[in-house]
1. If you build a Gaussian network model of the chain, linking Cα atoms that sit under 10 Å apart, which residue out of 175, 55, 120 swings the most?
2. Where the convex hull is taken over the Cα atoms of segment 92-131, what is its projected area averaged over directions, in nm²?
3. When the chain is fully extended, how far beyond the present Cα-Cα distance does residue 87 get from residue 203, taking 0.36 nm per residue of separation?
4. Mind listing the phi-derived Karplus ³J(HN,Hα) values for segment 108-125, rounded to whole Hz, using 6.51, -1.76 and 1.60 with θ = phi - 60°, and x for any glycine or proline?
5. If you average the sequence gap of Cα pairs under 8 Å that are 6 or more apart and divide by the length of the chain, what percent do you get for the contact order?
6. Which listed residue (217, 28, 108) has the Cα farthest towards the positive end of the charge dipole for the chain, taking +1 on Lys and Arg C-beta and -1 on Asp and Glu C-beta about the Cα centre?
7. For the chain, set up a Gaussian network in which alpha carbons nearer than 10 Å are linked by springs, and say which option among 53, 110, 140 fluctuates the most.
8. Indicate the gyration tensor shape class of segment 1-99 (rounded, prolate or oblate), computed on the Cα atoms with a ≥ b ≥ c the square roots of the eigenvalues: a/c under 1.5 is rounded; otherwise a/b larger than b/c is prolate and the rest oblate.
Amino acid sequence: MVKVGVLIGSLSAKSYSRKIAEYFTSLPSNLQFVELKYSMLPFYNPDFEHQNTPIEWNAFRKAVDSVDALLIVTQEYNYSLPGGLKNALDILSVPSPNQHLVGKPVLVITDSAGEKGGIIANAHLHQVLRYLGMKVMNCTIAISNVQSVFNNGDNHDLKLAKRLRDDIKSFEQFINESSLSHRSCVDMTYKFSYQPGELALLNDDGEKIATIELRNLKNKVIAIEEVQVNEKYRGQGLANEIMTLLMWLVEGADSKLKANCPFAKSYLETRPQFNNIVEP
């Protein structure tokens with residue numbers, strides 16, 4: 001069964017975000033939900049990455065590594081996301097040495113007591129999660145007047161109830177279609193560089209060992225003109241590796257791709273999980 005980690009934006013045991021999370025995760029699905037608690041996490045400080053790393057960071061990272069996807073349910077704080085949730089994402093954004101979020105599917109639900117349903121926090125979270133390389137489900141769930149809708153933890157809005165039943169089915173499908181294992185999405189064995197017109201993998205000496213020639217088109221579309229691997233490094237799967245890296249960079253930038261070279265076309269044809277960022 002697919003395991004989904006749940007991050008709740010409010011630390012309050014009586015928050016409406018918690019009530020929404022409990023309601024949503026109780027809906028019929030083939031998903032197994034587990035809450036990932038982060039209230040004990042020390043503030044992120046890069047000085048502690050290589051010495052005196054807090055045991056709480058390591059435990060939290062391992063917990064996130066063990067799930068296949070994330071569900072984030074949060075209220076809006078001061079026109080953005082709560083500080084505790086942002087600190088948790090900051091801690092997960094650091095490889096040390098593995099990628100913890102890259103390639104993981106995620107669904108965002110926000111709420112507020114007002115009419116907008118935390119839509120600004122929703123948008124901010126989408127931006128942050130895409131930047132971190134997550135596969136963000138393109139679905140805006142913003143629940144307004146939450147104190148009335150989820151009074152006593154029950155959902156009193158029949159239209160919202162149907163919407164959430166549909167959403168959990170769509171989320172399950174979205175996770176299953178993201179078939180490329182997140183643990184192999186971006187292998188950071190090699191460093192990479194990006195400049196207008198080229199993405200490159202580099203060895204320890206800074207030598208380019210694989211490159212993708214790119215061309216910017218209209219409407220945030222990037223054309224893949226050619227994929228090349230240094231002759232000394234062929235046969236190691238580097239062409240696939242650099243293409244996969246490009247996928248996450250492009251999705252994180254909310255752009256699209258057009259394949260103009262045979263290898264790129266073949267790569268994309270065999271990976272339907274990237275159809276959402278490919279121009280026909």
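1. 55
2. 3.2
3. 38.5 nm
4. After applying 6.51 cos²θ - 1.76 cosθ + 1.60, I find 10, 10, 10, 8, 7, 6, x, 7, 8, x, x, 5, 5, 4, 4, 5, 4, 5 Hz.
5. 15
6. My answer, from the dipole projection, is 28.
7. Result for the chain, Cα springs under 10 Å: 53 fluctuates most.
8. oblate
The values are calculated or read from the model by the stated rules, or taken from the named source; none is laboratory data. Source: prediction; values computed, not measured. Glycine also receives a Cβ, built like all others from the backbone with ideal geometry; neighbour counts cover every protein chain displayed. Just the protein is used for accessible areas: all its heavy atoms, side chains included, with ligands, DNA and RNA removed. Shrake-Rupley method; radii C 1.70, N 1.55, O 1.52, S 1.80 Å.
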